[in-house]
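Notes to accompany the following structure.
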Amino acid sequence: MRGKLLPLAGLYLVQGLPYGLQSGLLPMLLRAGGLSLTRVGLAKMLYVPWLSKLVWAPLLDMRGSPRAWLMLSTATLGLVCGLLAALPPAEAGQAELPVIVAGLLLLLNLGAAVQDVALDTLAVQLLEPAELGPGNTVQDLLAVPGTQWTAGFVLTYKLGEQGASSLFPLLLLDRGLSTPELGLWNSVGAMACSIAGSSLGGALLSRHRKLLPLLRSVLQFRLGGLACQTTLFFYLDTLGAKLGPGTVLRGKGLGRGEEHHTSWTRLTLVLPGAALLSLCLQHFLGGLVTTATFTLMMRCSQLAPSVLQATHYSLLATLELLGKLLLGTLAGALADSLGLHLCFSLFLALSVTPILYLGLAPRILA
């Protein structure tokens, strides 16, 4: 089993890095440049190639080999990353995304999406049912049993989480956290926490093999984490606090001669660390939930005829991404129109929905 999982894990990491860094850093840079929350959200339209996977998924079922597609897509990723690295840094005060950068990011997402289809095809073909949990640590259609329920679940399970994760870092930026520090924690730190959560999810699935009860538990943990993050945001917004650098995370406390600091000063030393830890916790829980959900998707796809499995899984994966991009793209517009308090309350309510929806799951997926 290790001979299958290690190569898949490495390839999934290569495929996910551009997406993870782009989703964590690009909104920070655009917001710091002065773009509104609505326009920062609309920048997620660069992820459109991920929604087009159904266009070429049937080709992988009928012609060519997944290995050939992997070689082509990986070479494309390397070339585009090299071109992006060679571009000069943005000029001071530049808010808009240059056309050439937007085009290269679009091509980067296209290559990563093609690689994702090829990797999913290999995973569905190679992994045994008992390997689906750890495999996903790394990862006539409507007639397939359980497909309609699974499609509804993957379309909605990330709505609340994605909306909050899109806005919360930008609001911390508005409150005074520095762009480099927040960008680091929202990209590298967030990715590390997501991988850790995904790894834990795979380990739990491989030991307990009870998918739906585990999925319910991790969704409940995620709801609790989001409730804590929402409460923290409401507290910050009510106080109108301005945050400095994450001093708690850097190990800086009150020094000699600072014993007479007011409680407000002490609080401003703690809040940046609490906010960043809340951000990392949500990514950890998000990785845990995602692994369990992708295992559910593979389990459903294995019920399809072998000639349709890649297309079937790509359909579910496209719906999963559509749900994430829907709230990620519209979150800024919702915040600008509804207000932040009502918007975050909506995200919390949306995170309850998949927990209730699990009660309708067909037994064939249990």
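The values are calculated or read from the model by the stated rules, or taken from the named source; none is laboratory data. Keep in mind it's a predicted model, so treat the numbers as computed, not measured. Counting neighbours? That spans all protein chains shown, and the Cβs are built from the backbone with ideal geometry, glycine included.
Odds and ends about this structure:
- Any chance V218 is part of a helix (DSSP H, G or I), surrounded by 16 or more Cβ atoms within 10 Å (Cβ to Cβ) and out of contact with any Pro (no Cβ under 9 Å at 6 or more places or on another chain): yes
- Segment 275-288 residues that are closer than 11 Å to A164 by Cβ and of a type in the set (A, V, I, L, M, F, W, C), paired with ones that are assigned to a helix (DSSP H, G or I) and modelled with pLDDT under 90 (beta carbon under 7 Å, 6 or more apart): L279/F168; L279/P169; L279/W185; L279/N186; L279/A190
- Candidates are the residues of segment 274-333 that are part of a loop (DSSP other than H, G, I, E, B) and not hydrophobic (A, V, I, L, M, F, W, C); the one that is farthest from A203 (Cα to Cα) is P305.
- Any hit, segment 345-357, residues being β-branched (V, I, T), more than 21 Å from the chain's Cα centre (by Cα) and in a helix (DSSP H, G or I): no
Condition check ((1) surrounded by 16 or more Cβ atoms within 10 Å (Cβ to Cβ); (2) closer than 20 Å to V218 by Cβ) across all residues:
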| site | (1), (2) |
| --- | --- |
| T295 | yes, yes |
| T318 | yes, no |
| L327 | yes, yes |
| R363 | no, no |
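- Looking across S23, S36, one residue alone is of a type in the set (G, A, S), at pLDDT 75 or above and within 30 Å of G339 (Cβ to Cβ). It is S36.
- Every condition in (1) loosely packed, with under 13 Cβ neighbours inside 10 Å; (2) modelled with pLDDT under 70; (3) more than 18 Å from T311 (Cα to Cα) holds for A90 except the one numbered (1).
- Scope segment 141-185; condition at negative phi and not in a helix (DSSP H, G or I); matching residues: V144, P145, Y157, K158, R175, L177, S178
- Residue count, segment 297-316 (criterion: crowded, with 24+ Cβ neighbours inside 10 Å and touching a His at 6+ places or on another chain (Cβ under 7 Å)): 1
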